[in-house]
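What follows is a single structure, written as structure tokens, with notes after it.
The values are calculated or read from the model by the stated rules, or taken from the named source; none is laboratory data. Because the structure is a prediction, the values reported are computed rather than measured. Ideal geometry is used to build each Cβ from the backbone, glycine not excepted, and the neighbour counts take in all protein chains shown. Each accessible area value is taken on the protein alone, full model and side chains, heavy atoms only, with ligands, DNA and RNA left out. Shrake-Rupley method; radii C 1.70, N 1.55, O 1.52, S 1.80 Å.
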Amino acid sequence: MTDTSARLSIGFSWVGHALMHIVTALFLTVVLVLEREWKLPYDELIRLWTLGALMIGVGAPLAGWLGDRWSECRMMAVFFLLTGAGAIACGLTDGPEALLWALAVLGLGASIYHPVGMAWMVKNATNRGKALGYQGIFGTIGIASAAVVAGGLTEWLGWRSAFLIPGAICLGLGVALALLIALGKVEDRQGDVKPIPKASRGDVIRAFVVLSVTMVCAGLMFNAMQVVLPKLFEARLSDLLGGSTLGVGGVVTAVYLFAALPQLIGGHLADKYPLKRIYTLCLLVQVPMMAAVAVLADLPLVGAAALVVVASQVQIPAENLLLARYTPERHRGLAYGAKFILSFGAGPLAVQLVALVYERTGEFVMLYATLSVLALVAFAAALLLPRDRDVPAKPATAPMAAAE
């Protein structure tokens, strides 16, 4: 295993994180244009993403298992190729039914990234918190730029280009990674660069139960926020934006970009301070901020939404390191797959929740009140995580091996 392979692995993982979030969020802005072009209501169109969002969660455990058993780097090449093909298919569709299935292919390809890309990067990184922080920045940039990429391409070249161009970039990177693997420049690493101490069986079970609850809540919060933010800004910032799709996308981008640097800080904090403390504080901050988003408008709304996104992004390095800490190395891809079937598997529920609330109320006050309650539930559950000092400071001896 060479240093070049490790650097390329980390680099492709970072870029892949950005592209995954770009392509999976394109439709959330494009749908605003399809309302007018296809003359269909928002709640009916947004439901087309339900199957794609479901595939992101359902495909994750299988992708993680294949990464563990077959090859992490080869699965990442499949991620780029399949996601790119799905995005291009979306851009070539001519109606709701075809778009539904194209979005499903896109979601299946995107399901590969988090369980495989996360485990791939953790295995190759020495300073994991810092590396996860940078990975988080790329993901945040992807989330942030998706709306402005979709809005800009739609206004300049038409909505189809909003899928076709990012899809072509994904395909190109997939071909490049496949060639590097064939040339032996990128290889699978056997074992972590920096081994993680093993936890006791009791702490593993306790952490599994607690993180299952927090990750479901966080998944609902993240997906609902991402789905609804373009429509929320269109409705409550109309005086400022004048109904411009590009303007809506630009404000969404600004909100998510605001969280980029704090996430890097979160990665540094995760290397230095107790993970449980960072995780619980981030969840606590989201309780009042979600409630504020429910009732605010104009610039105060943008500020509250930005604080929600900052807190949710800063917690991610701590959450991923907690999962790595309580998971045997040989099953880490599967564990990250389980995480993302919980968090992204909540995506279809979030889509349906957004559609239901909007269909019945024409607004999102009840939605954000519900998300505030979910943040409170997640915070209360996180308080039950094992204390950081309960984790051994050195690799466990033979009796601890039962945790695997």
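A single member of GLY52, GLY57, GLY86 is outside the structural domain of GLY362 (by the TED database) and at pLDDT below 90, and it is GLY57. Within region 88-97, the set of residues being surrounded by fewer than 21 Cβ atoms within 10 Å (Cβ to Cβ) and in a helix (DSSP H, G or I) comprises ALA89, PRO96, GLU97. The C-beta contact set for region 98-124 (first residue open to solvent by less than 10 Å² (accessible area, probe 1.4 Å), second residue of a type in the set (Ser, Thr, Tyr) and not in a helix (DSSP H, G or I), distance under 8 angstrom, 6+ apart or interchain) comprises LEU99/THR93; ALA102/THR93.
Of the residues contained in region 265-288, one or more are found to be more than 27 Å from THR126 (Cα to Cα) and free of Cβ contacts under 8 Å to residues at least 60 places away in the same chain.
Among the residues of region 85-144, just one is aromatic (Phe, Trp, Tyr) and more than 24 Å from ASN320 (Cα to Cα), namely TRP101. No other residue among LEU32, LEU8, LEU45 is open to solvent by less than 10 Å² (accessible area, probe 1.4 Å), more than 19 Å from the chain's Cα centre (by Cα) and touching a residue at least 60 places away in the same chain (Cβ under 8 Å) apart from LEU32. All but one of (1) modelled with pLDDT of 85 or more; (2) under 21 Å from the mean Cα position of the chain (by Cα); (3) of a type outside the set (Asp, Glu) hold for LEU301, so report the exception by its number. For LEU301, the exception is condition (2).
The residue list ALA335, ALA292 contains one member that is free of Cβ contacts under 8 Å to residues at least 24 places away in the same chain and either touching a helix residue (DSSP H, G or I) at 6+ places or on another chain (Cβ under 8 Å) or of a type in the set (S, T, N, Q) (or both), which is ALA292. Selection within region 125-180: residues that are hydroxyl-bearing (Ser, Thr, Tyr) and under 20 Å from the mean Cα position of the chain (by Cα). The member of this set that is most open to solvent (accessible area, probe 1.4 Å) is TYR134. When GLY142 is tested against (1) of a type outside the set (A, V, I, L, M, F, W, C); (2) touching a Lys or Arg at 6+ places or on another chain (Cβ under 7 Å); (3) over 20 Å from GLU72 (Cα atoms), just one condition goes unmet, and that condition is (2). Within the option set ALA355, ALA378, being surrounded by 22 or more Cβ atoms within 10 Å (Cβ to Cβ), at pLDDT 85 or above, among the hydrophobic types (A, V, I, L, M, F, W, C) and assigned to a helix (DSSP H, G or I) holds for one residue only, ALA378.
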